[in-house]
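Encoded as structure tokens, the structure appears first; notes follow it.
The values are calculated or read from the model by the stated rules, or taken from the named source; none is laboratory data. Every value quoted in this text rests on a predicted model; they were computed, and no experiment measured them. Backbone-built Cβ (ideal geometry, glycine too); neighbour counts: all protein chains shown.
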Amino acid sequence: MSFSRRALLKASAASAVLGGLGAPMVARAQAAEFSYKYANNLPDSHPMNTRAKEMAAAIKAETNGRFELQIFPNNQLGSDTDMLSQVRSGGIEFFTLSGLILSTLVPAASINGIGFAFPDYDTVWKAMDGDLGAHVRGEINKAGLEVMDKIWDNGFRQTTSSTRPINGPDDFKGFKIRVPVSPLWTSMFKAFDAAPASINFSEVYSALQTRVVEGQENPLAIISTAKLYEVQKYCSLTNHMWDGFWFLANRRAWQAVPADMRAIVAKHINAAAVNERADVAKLNANLQQELAAKGLVFNQPATAPFRDKLKSAGFYAEWKGKYGEQAWALLEKAVGRLS
């Protein structure tokens with residue numbers, strides 16, 4: 001009786017200190033044999049996090065509470081660079097990262113961002129769920145990380161402008177366009193004889209507003225959320241780059257999980273990735289309608305002339321040399337001859 005009262009008092013004190021959260025936290029820790037953190041850089045409302053919550057619940061249910069996935073969206077645990085470092089060291093167990101950023105560690109990971117390689121989503125998934133994706137995953141493994149089979153969708157990048165629609169490669173000539181600080185972007189737009197300017201994203205709106213640059217390029221979701229339609233008139237659905245998020249895991253943490261439980265976790269993560277792809281496709285369709293209603297004028301140019309221009313400018317030959325024969329052959333197997 002005396003022991004029970006002491007235990008109760010201790011539990012009550014802990015609950016008071018933690019604002020009523022003490023007891024549930026203790027219960028979770030006792031119930032879950034593995035409690036792993038999953039971090040990402042997207043808002044809580046993004047389809048990635050909506051599907052992540054579903055998969056976490058499904059994993060917990062199928063493992064009878066033995067595996068719990070805690071989700072930390074919206075850069076809560078740091079920048080992309082910080083979180084990549086943490087997943088490598090084991091500070092966090094799971095992390096989703098763009099292949100274009102992961103390329104700082106795994107050069108092959110940015111190959112999906114090659115300009116005008118992918119004409120549509122069917123081609124993207126054929127490559128990334130096929131041999132090209134398998135090659136990139138192999139390179140990620142060599143870098144000491146585990147990676148799930150299915151890549152999540154970030155999206156195709158589109159071109160906006162305050163001066164003219166981009167109907168073909170000649171429209172890029174002399175075009176002052178903001179690009180991220182990345183050799184791949186700068187290389188591509190210079191091949192079009194454009195005038196790319198590397199500007200931090202936080203300064204993009206003002207740069208467009210003051211006509212420091214005429215245009216920029218981003219997925220529709222960012223064009224919408226950053227209200228770039230207020231300072232841009234045209235949106236050309238160039239689909240010039242596609243990028244996705246690889247679901248990465250710390251190797252030691254992943255291998256500590258029993259094989260049968262790993263199979264359950266991987267199954268639900270990969271299923272969530274496929275569902276997120278469908279969500280993003282639907283979101284993009286709705287966004288185009290919404291942005292058009294706000295005055296943005298859309299056009300969809302053909303891909304072939306842009307590819308031809310990049311080929312004649314030596315862009316594909318340059319990047320083929322950087323990625324190597326094997327990776328390039330796998331890319332061309334999916335998208336057709338580029339170089």
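Filtering the stretch 258-278 for residues that are surrounded by fewer than 13 Cβ atoms within 10 Å (Cβ to Cβ), closer than 22 Å to Asn239 by Cβ, under 22 Å from the mean Cα position of the chain (by Cα) and of a type outside the set (A, V, I, L, M, F, W, C) leaves an empty set.
Exactly one residue out of Leu291, Leu248 is crowded, with 19+ Cβ neighbours inside 10 Å, part of a strand (DSSP E or B) and in contact with a Phe, Trp or Tyr (Cβ under 6 Å, 6 or more places away or on another chain), and it is Leu248. State whether the residues of the stretch 159-174 include one that is touching a residue at least 12 places away in the same chain (Cβ under 8 Å), closer than 24 Å to Val280 by Cβ and within 20 Å of the chain's Cα centre (by Cα). Within the stretch 159-174, one or more residues are touching a residue at least 12 places away in the same chain (Cβ under 8 Å), closer than 24 Å to Val280 by Cβ and within 20 Å of the chain's Cα centre (by Cα).
Taken as a whole, the condition of being surrounded by 21 or more Cβ atoms within 10 Å (Cβ to Cβ), part of a strand (DSSP E or B) and at pLDDT 95 or above does not apply to Phe298. For the stretch 209-228, the criterion of being touching a helix residue (DSSP H, G or I) at 6+ places or on another chain (Cβ under 7 Å), charged (D, E, K, R) and crowded, with 16+ Cβ neighbours inside 10 Å is satisfied by no residue at all. For residues that are in contact (Cβ under 8 Å) with a residue 24 or more places away in the chain and part of a helix (DSSP H, G or I), scanning just the stretch 61-83, find the one that is nearest to Ala272 (Cα to Cα). Among those that are in contact (Cβ under 8 Å) with a residue 24 or more places away in the chain and part of a helix (DSSP H, G or I), it is Glu62. Screening Ile71 with (1) more than 18 Å from the chain's Cα centre (by Cα); (2) closer than 18 Å to Lys150 by Cβ gives one miss only, at (1). Considering only residues in the stretch 27-56 that are of a type in the set (S, T, N, Q), at pLDDT 90 or above and buried (at least 18 other Cβ atoms within 10 Å of the Cβ), the one that is farthest from Leu102 (Cα to Cα) turns out to be Asn49.
Here is a yes/no grid of residues against (1) part of a helix (DSSP H, G or I); (2) farther than 30 Å from Ile166 by Cβ; (3) not aliphatic (A, V, I, L, M):
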site	(1), (2), (3)
Gln232	no, no, yes
His240	no, no, yes
Trp254	yes, yes, yes
Met261	yes, yes, no
Ala278	yes, no, no
Asn284	yes, no, yes
Pro305	yes, no, yes
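Apart from one condition, Ile59 fits all of (1) at pLDDT 95 or above; (2) more than 21 Å from Ile264 (Cβ to Cβ); the exception is (2). Of the strands (runs of 3 or more DSSP E) lying entirely inside the stretch 148-226, the ones with 3 or more residues being over 21 Å from Glu318 (Cα atoms) are found at 152-161, 176-179, 215-218.
Residues in the stretch 102-125 that are closer than 17 Å to Arg337 by Cβ and outside any loop (DSSP other than H, G, I, E, B): 2 in all.
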